[in-house]
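What follows is a short report on a single structure.
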Amino acid sequence: MAYIIKLNKPLEIVNVIYTDKVSLDMRMQAVEQVCSNYSHLKPLRILVDVRELFMDLSFDEQQTFGKQLANNPALTYARVAVLHKPDFNPNAIIDDSAFNNGYILAQFSSPADAELWLLNKI
């Protein structure tokens, strides 16, 4: 599978780890799984790791996915940290589209900083 979803129980942070190529359908599946399994967490904190992602979605698909994230009612109050390599974020178009449509999102290259932000400690 091109993604893994797991809960960091002590921190109550949902980790979504993408590797290789992840189709738009697979990304939508991942979102559905997170929403159906973890929407009871308040706030819903999600750490999306794209350090090993190879982006092969078209520009339009990336923008559409970002808008879908922002307009998903189950994610309205979610805090999302995107973890990428220091010199490259393959998810940048999706992140920008989601953020510009009201999604609470921040980008990080340090896992520790991402977790601190998700926990409202920075």
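The values are calculated or read from the model by the stated rules, or taken from the named source; none is laboratory data. Computed from a prediction, not measured in an experiment: that's the story for all the values here. Note: ideal-geometry Cβ built from the backbone for every residue, glycine included; neighbour counts use all protein chains shown. Calculation scope for accessible area: heavy atoms of the full protein, side chains included, ligands and nucleic acids excluded. Shrake-Rupley method; radii C 1.70, N 1.55, O 1.52, S 1.80 Å.
Please identify the pairs in which a residue from the stretch 76-95 that is closer than 21 Å to Ile13 by Cα has its Cβ atom under 9 Å from the Cβ atom of a residue that is open to solvent by 10 Å² or more (accessible area, probe 1.4 Å) and basic (Lys, Arg), counting only partners at least 6 apart or on another chain.
Going by the 9 Å Cβ cut-off, the qualifying pairs are Tyr77/Lys42; Ala78/Arg45; Arg79/Arg45; Val80/Arg45; Ala81/Arg45; Leu83/Arg51; His84/Arg51; Lys85/Arg51.
Which members of the stretch 35-53 meet the condition of being of a type in the set (Ser, Thr, Tyr) and open to solvent by 70 Å² or more (accessible area, probe 1.4 Å)?
Ser36
So how many residues does the stretch 96-117 have that are surrounded by 18 or more Cβ atoms within 10 Å (Cβ to Cβ), within 12 Å of the chain's Cα centre (by Cα) and within 26 Å of Lys9 (Cα to Cα)?
Qualifying residue count, the stretch 96-117: 5.
In contact with a helix residue (DSSP H, G or I) (Cβ under 9 Å, 6 or more places away or on another chain), in contact (Cβ under 8 Å) with a residue 60 or more places away in the chain and either farther than 29 Å from Lys121 by Cβ or open to solvent by less than 60 Å² (accessible area, probe 1.4 Å) (or both) - does that describe any residue in the stretch 54-73?
Checked the stretch 54-73: no residue is in contact with a helix residue (DSSP H, G or I) (Cβ under 9 Å, 6 or more places away or on another chain), in contact (Cβ under 8 Å) with a residue 60 or more places away in the chain and either farther than 29 Å from Lys121 by Cβ or open to solvent by less than 60 Å² (accessible area, probe 1.4 Å) (or both).
Kindly state which strands (runs of 3 or more DSSP E) lie completely within the stretch 22-122 and contain at least 1 residues that are out of contact with any Gly (no Cβ under 9 Å at 6 or more places or on another chain), within 16 Å of Lys6 (Cβ to Cβ) and not small (Gly, Ala, Ser).
45-54, 79-83
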